[in-house]
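Before any comments, here is the structure.
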Amino acid sequence: MLSSTKQQGSASLREENNEDEHLKVYLNVYDLQKSTNVIQHSLGLGSYHSGVQIRNTEYTFSADSGVFSHKPRDIPATFLESIYMGKTDVESLTELNEIINELKKEFKPSEYHPLRKNCNHFSNALCQRLLDGKTIPGWVNRSAGIGSFFSRFLPKSTEKNLIESTEAKQIMDSVKMEKYENENIYTSLNNVVNMSAIECLNQKKPNIVQNIFDPNDKKYLESDTDEQLIIRIPFKTPVNITAIILKADNKLKCPREILLFSKTGLIVDFDNAESVDPTQIIEIDPDAALKGVAIPLKIVKFKNVNMLQLFVSNNYGDTSTIINHLNIIGKPVATVDLNKLQQNTPGCTSCSSGGGCCN
């Protein structure tokens, strides 16, 4: 019979009558495949999220929070399976917390990378510490390895879109989105922005509008003579927009009110920006914008958009406005090439025989 006496001075991971169970380490794996875009799907990037469970606590790693713990299986993702990894020799909560704190230094939020340093890398590192070097199954994080390998050969713009879409998924997990049929609301549209045709009124060089489509936090867009900005963002193909993610690391210079325009043929400038009816008006929370804030849009009003225009009307008290990053979320609209369709359509037998019914 197990003794009910516990050692004083150190909280034990073992509890009476259930000693073995509390030494077991599990790897909880979640399926994220439904939330990946076409490029991610082809590389397998972001297919799985994982966390390490000990007793009633699960430990994981994200770009937003770094290393953190939560109730097992209590995340916005589809639970796939729980893999028994083995029993740990760690006996006290103090010892476990020391290991977690060491890993926090190694896995900082600012160092998160969806290809090279993600939640699965953390799970692997924690299992190695707890289980004398034992690693997690290779298939759990093989996708990131494949993505990292291919990223060496992919254009920078492609890798950038992989990262942007993954970051968008993380930020938007906590946002309540309107149902949008079965379409992927997490896909970054930044890769279909026509960068050569993008325009910005009242920008201060060299801090120009193209900077906000670069994940590099050292670059930004800044207004010039006052706090107002007008940004015209044309797309290479029509798109359906579901949200925008905006990051601004200066509270006073953060945009406060932004008027969005999606109407085809409309050109917004400082003469008509306040007189033309906007498609939607949004207000930015400066505290949330420090890490990136997701603003859901009225989906039915942002379909088949060829150009998205933004009018930043004010900020939180400074003479200039700064935007560090803008990520446009949605999905390109499928288009049909009529010339190819005509070439692939069987000829009319009446026309070919001289009937002329198609003339």
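The values are calculated or read from the model by the stated rules, or taken from the named source; none is laboratory data. This is a predicted model, so every value here is computed, not measured. Using ideal geometry, Cβ is built from the backbone for each residue, glycine included, and neighbour counts are taken over all protein chains shown.
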- Note on the structure: By residue number, the members of region 219-274 that are over 16 Å from Gly292 (Cα atoms), surrounded by fewer than 20 Cβ atoms within 10 Å (Cβ to Cβ) and aliphatic (A, V, I, L, M) are Leu266, Ile267, Ala273
- For Lys301, work out the one condition from (1) out of contact with any Cys (no Cβ under 8 Å at 6 or more places or on another chain); (2) under 17 Å from Ile212 (Cα atoms) it doesn't fulfil. (2)
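Residues in region 269-281: is at least one assigned to a strand (DSSP E or B), free of Cβ contacts under 8 Å to residues at least 40 places away in the same chain and on the phi < 0 side of the Ramachandran plot?
Applying the first criterion (assigned to a strand (DSSP E or B)) to region 269-281 yields 280-281.
Subsequent filtering for residues that are free of Cβ contacts under 8 Å to residues at least 40 places away in the same chain retains 280-281.
When the remaining residues are screened for being on the phi < 0 side of the Ramachandran plot, the result is 280-281.
Yes, because at least one residue in region 269-281 is assigned to a strand (DSSP E or B), free of Cβ contacts under 8 Å to residues at least 40 places away in the same chain and on the phi < 0 side of the Ramachandran plot.
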- What are the residues in region 240-264 that are hydrophobic (A, V, I, L, M, F, W, C), outside any strand (DSSP E or B) and out of contact with any Pro (no Cβ under 7 Å at 6 or more places or on another chain), if any? Leu252
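Just the residues that are within 12 Å of Asn327 (Cα to Cα), in a loop (DSSP other than H, G, I, E, B) and modelled with pLDDT of 85 or more, please, taken from region 175-203.
To start, the set of residues in region 175-203 that are within 12 Å of Asn327 (Cα to Cα) comprises 186-193.
Okay, now just the ones that are also in a loop (DSSP other than H, G, I, E, B), so 186-187, 189.
Listed by number, the list holds a single entry, Leu189.
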- Message: All but one of (1) under 24 Å from Pro114 (Cβ atoms); (2) crowded, with 19+ Cβ neighbours inside 10 Å hold for Met307; state the number of the condition that does not hold.
- Response: (1)
- Note on the structure: Scanning region 198-218 for residues that are in contact with a helix residue (DSSP H, G or I) (Cβ under 7 Å, 6 or more places away or on another chain) and under 19 Å from Asp318 (Cα atoms) gives Gln203
- Query: Do the conditions hold for Glu21, that is, is it at pLDDT below 90, farther than 30 Å from Thr187 by Cα and acidic (Asp, Glu)?
  - Reply: yes
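Restricting to region 117-141, give me the number of residues that are assigned to a loop (DSSP other than H, G, I, E, B), more than 18 Å from the chain's Cα centre (by Cα) and of a type in the set (S, T, N, Q). Step through it out loud before you land on a result.
Step one: list which residues in region 117-141 are assigned to a loop (DSSP other than H, G, I, E, B), which gives 118, 131-137.
Then drop every residue that is not more than 18 Å from the chain's Cα centre (by Cα), which leaves 131-137.
When the remaining residues are screened for being of a type in the set (S, T, N, Q), the result is 135.
Qualifying residue count for the region: 1.
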- Take Ser10 and decide whether it is at pLDDT below 50, polar (S, T, N, Q) and out of contact with any strand residue (DSSP E or B) (no Cβ under 9 Å at 6 or more places or on another chain). no
- Flagged pairs (Cβ under 8 angstrom, 6 or more apart or on separate chains; first in region 190-204, at negative phi; second buried (at least 18 other Cβ atoms within 10 Å of the Cβ) and assigned to a loop (DSSP other than H, G, I, E, B)) are Lys204/Ser320
